[in-house]
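First comes the structure, then the notes that go with it.
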Amino acid sequence: MTPASKPELRLYLLAPRGYCAGVARAIEIVEAALVKWGAPVYVRHEIVHNQYVVRTLRQQGAIFVDELDECPEDRPVVLSAHGVSKGVHHEALQRNLMVVDAVCPLVSKVHVAIQRNKRQGLQSVMIGHAGHPETIGTLGQLPEGEVLFVETVEDAEQLQPDDPDKLAYVTQTTLSVDETERISSTLSRRFPSIRKPHKSDICYATTNRQNAVKKVAPQLDALFVVGSPNSSNSNRMVEVGQAAGCSYSRLVATPECIAWDELNSMRRIGLTAGASAPEVLLQSIKAAFEERFDVTTVETDHGKESVVFNLPKVLRPETVAET
């Protein structure tokens with residue numbers, strides 16, 4: 001296809017997009033551990049939910065395992081950004097493993113809230129997605145069954161706490177802002193004294209990326225969110241795009257995931273990335289559009305992000321330099 005015969009396309013690149021501070025920190029932790037201790041470094045579960053990232057770290061010497069019993073006692077073990085239960089920490093302590101916890105500080109904040117609620121005599125309710133590693137880790141901050149779990153408005157309508165007057169709720173950090181508001185409003189209506197988080201538990205990056213999608217989606221014929229199928233925040237961005245008026249919103253990992261023949265009549269397409277997706281993937285998809293279309297790129301910027309989380313002390317550069 002010659003350049004003159006390519007159909008014209010306005011490609012909207014949404015911002016903010018891509019890595020959040022917690023994801024960037026978690027990846028840097030694995031890389032720094034490999035520098036400090038050499039390969040292999042074991043990682044319990046995917047460090048973040050992106051296959052490209054996992055594959056790249058594996059090539060550098062990281063070994064990803066499902067459980068701690070797969071880790072030898074003489075090698076460092078990194079715990080994923082999603083956080084883990086108290087039971088996992090206890091097992092690591094019992095085996096005297098060299099553990100580096102890459103949990104996102106914003107997830108840690110929710111864990112602290114669960115413990116604080118318990119001390120204050122409040123039963124915690126968690127709003128989240130069943131089976132997600134972050135949900136499993138948060139529910140596991142207390143003995144099984146002590147933290148109640150709701151996933152939908154219907155769950156919230158049917159919730160039966162031990163004491164309706166002694167409740168507090170927390171949320172998974174990567175949920176849909178609007179859906180979470182509907183669920184929390186239901187809890188507040190049913191249990192007027194329920195304590196809310198002082199500040200939303202949904203992380204700044206999740207909120208910012210969803211807001212950027214909401215603002216641009218009504219203008220688009222199609223929206224593509226770069227991310228892996230098991231990425232909660234990326235999937236929520238697709239749902240937000242659909243709810244905001246762009247019915248053709250899709251999650252993609254690579255250019256091969258795109259049904260190109262369905263785009264022939266589309267002239268305004270948005271491209272963004274979930275908080276665990278590297279920019280290199282988005283750029284590869286942008287290049288694929290440029291091969292097929294006469295692209296005019298439109299940069300949209302809906303807010304700057306300056307949040308940075310420090311590495312654990314054991315991996316900070318001054319510590320590495322001393323070893």
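The values are calculated or read from the model by the stated rules, or taken from the named source; none is laboratory data. Worth saying up front: this structure is predicted, and the values here are computed from it rather than measured. With ideal geometry, Cβ positions are generated from the backbone for all residues, glycine too; neighbour counts draw on all protein chains shown.
Within the set of pairs 6 or more residues apart or between chains, which connect a residue that is without any contact (Cβ under 8 Å) to a residue 40 or more places away in the chain inside segment 12-36 to a residue that is surrounded by 24 or more Cβ atoms within 10 Å (Cβ to Cβ) and assigned to a loop (DSSP other than H, G, I, E, B) with Cβ atoms less than 9 Å apart?
Qualifying pairs under 9 Å: Ile27/Ile47; Ile27/Val48; Ile27/Ala81; Ile27/Ala102.
Tell me which residues, restricted to segment 217-228, are of a type in the set (Gly, Ala, Ser) and either surrounded by fewer than 17 Cβ atoms within 10 Å (Cβ to Cβ) or assigned to a helix (DSSP H, G or I) (or both).
The first filter runs over segment 217-228 and keeps only residues of a type in the set (Gly, Ala, Ser), leaving 217, 222, 227-228.
Within segment 217-228, just Ala217 meets the criteria.
Could you list all residues from segment 78-113 that are surrounded by fewer than 21 Cβ atoms within 10 Å (Cβ to Cβ), over 13 Å from Thr171 (Cα atoms) and polar (S, T, N, Q)?
Ser85, Gln94, Asn96 - these are the residues of segment 78-113 that are surrounded by fewer than 21 Cβ atoms within 10 Å (Cβ to Cβ), over 13 Å from Thr171 (Cα atoms) and polar (S, T, N, Q).
Out of segment 78-93, which residues are within 15 Å of Tyr42 (Cβ to Cβ) and assigned to a loop (DSSP other than H, G, I, E, B)? First the steps, then the outcome.
Step one: of segment 78-93, the residues within 15 Å of Tyr42 (Cβ to Cβ) are 78-80, 84, 88, 91-92.
Once the filter is applied, which keeps residues that are within 15 Å of Tyr42 (Cβ to Cβ) and assigned to a loop (DSSP other than H, G, I, E, B), segment 78-93 yields Ser80, Val84.
Could you please find all residues in segment 229-276 being farther than 22 Å from Arg10 by Cβ and in a loop (DSSP other than H, G, I, E, B)? Steps first, please.
To start, the set of residues in segment 229-276 that are farther than 22 Å from Arg10 by Cβ comprises 229-236, 239, 243, 253-254, 256, 274-276.
Scanning segment 229-276 gives Pro229, Asn230, Ser231, Ala253, Thr254, Gly274, Ala275, Ser276.
Quick one: which residue in Leu167, Leu139, Leu159, Leu175 is over 22 Å from the mean Cα position of the chain (by Cα) and touching a residue at least 40 places away in the same chain (Cβ under 8 Å)?
The match here is Leu167.
Condition test on Thr272, is it within 13 Å of Phe224 (Cβ to Cβ) and in contact with a Lys or Arg (Cβ under 7 Å, 6 or more places away or on another chain)?
Details: within 13 Å of Phe224 (Cβ to Cβ): yes; in contact with a Lys or Arg (Cβ under 7 Å, 6 or more places away or on another chain): yes.
Criteria met by Thr272.
Select from segment 157-184 the residues that are hydrophobic (A, V, I, L, M, F, W, C) and either out of contact with any Leu (no Cβ under 8 Å at 6 or more places or on another chain) or in a loop (DSSP other than H, G, I, E, B) (or both) and write down the one among them that is nearest to Ser231 (Cα to Cα). Break it down stepwise before answering.
Narrowing segment 157-184 to residues hydrophobic (A, V, I, L, M, F, W, C): 159, 167-168, 170, 175, 177, 183.
Subset that is either out of contact with any Leu (no Cβ under 8 Å at 6 or more places or on another chain) or in a loop (DSSP other than H, G, I, E, B) (or both): 159, 170, 175, 177, 183.
Numbers: Leu159: 27, Val170: 20, Leu175: 11, Val177: 16, Ile183: 21 Å.
Within segment 157-184, the match that is nearest to Ser231 (Cα to Cα) is Leu175.
How many residues are aliphatic (A, V, I, L, M), out of contact with any strand residue (DSSP E or B) (no Cβ under 7 Å at 6 or more places or on another chain) and without any contact (Cβ under 8 Å) to a residue 40 or more places away in the chain if we restrict to segment 243-268?
Number satisfying all stated conditions: 2.
Which ones in segment 109-136 are of a type in the set (Ser, Thr, Tyr) and either assigned to a loop (DSSP other than H, G, I, E, B) or under 17 Å from the mean Cα position of the chain (by Cα) (or both)? Before you say what the answer is, go through the steps one by one.
Just the residues of segment 109-136 that are of a type in the set (Ser, Thr, Tyr), to begin with: 124, 135.
Listed by number, the list holds a single entry, Thr135.
List, please: which pairs have Cβ atoms under 6 Å, are six or more places apart or on different chains, and start with a residue in segment 114-129 that is under 17 Å from Thr174 (Cα atoms) and end with one that is part of a helix (DSSP H, G or I) and of a type in the set (A, V, I, L, M)?
That search, which allows pairs on different chains as well, returns Ile127/Ile183.
What is the one condition in (1) part of a helix (DSSP H, G or I); (2) at pLDDT 95 or above that Gly18 does not satisfy?
The number of the failed condition is (1).
Go over the candidates Arg75, Arg58 one by one and state the one that is surrounded by fewer than 17 Cβ atoms within 10 Å (Cβ to Cβ), more than 14 Å from the chain's Cα centre (by Cα) and in a helix (DSSP H, G or I). Talk me through it step by step, then tell me what you get.
On the way: Arg75 fails: in a helix (DSSP H, G or I).
Matching residue, one of Arg75, Arg58: Arg58.
For Phe224, which of the numbered conditions (1) among the hydrophobic types (A, V, I, L, M, F, W, C); (2) in contact (Cβ under 8 Å) with a residue 60 or more places away in the chain; (3) more than 24 Å from Val298 (Cβ to Cβ) fails to hold?
Among (1) among the hydrophobic types (A, V, I, L, M, F, W, C); (2) in contact (Cβ under 8 Å) with a residue 60 or more places away in the chain; (3) more than 24 Å from Val298 (Cβ to Cβ), Phe224 violates only (3).
Looking at segment 27-39, is at least one residue part of a loop (DSSP other than H, G, I, E, B), surrounded by 14 or more Cβ atoms within 10 Å (Cβ to Cβ) and not assigned by TED's automatic domain parsing to the domain that holds Asn233?
no
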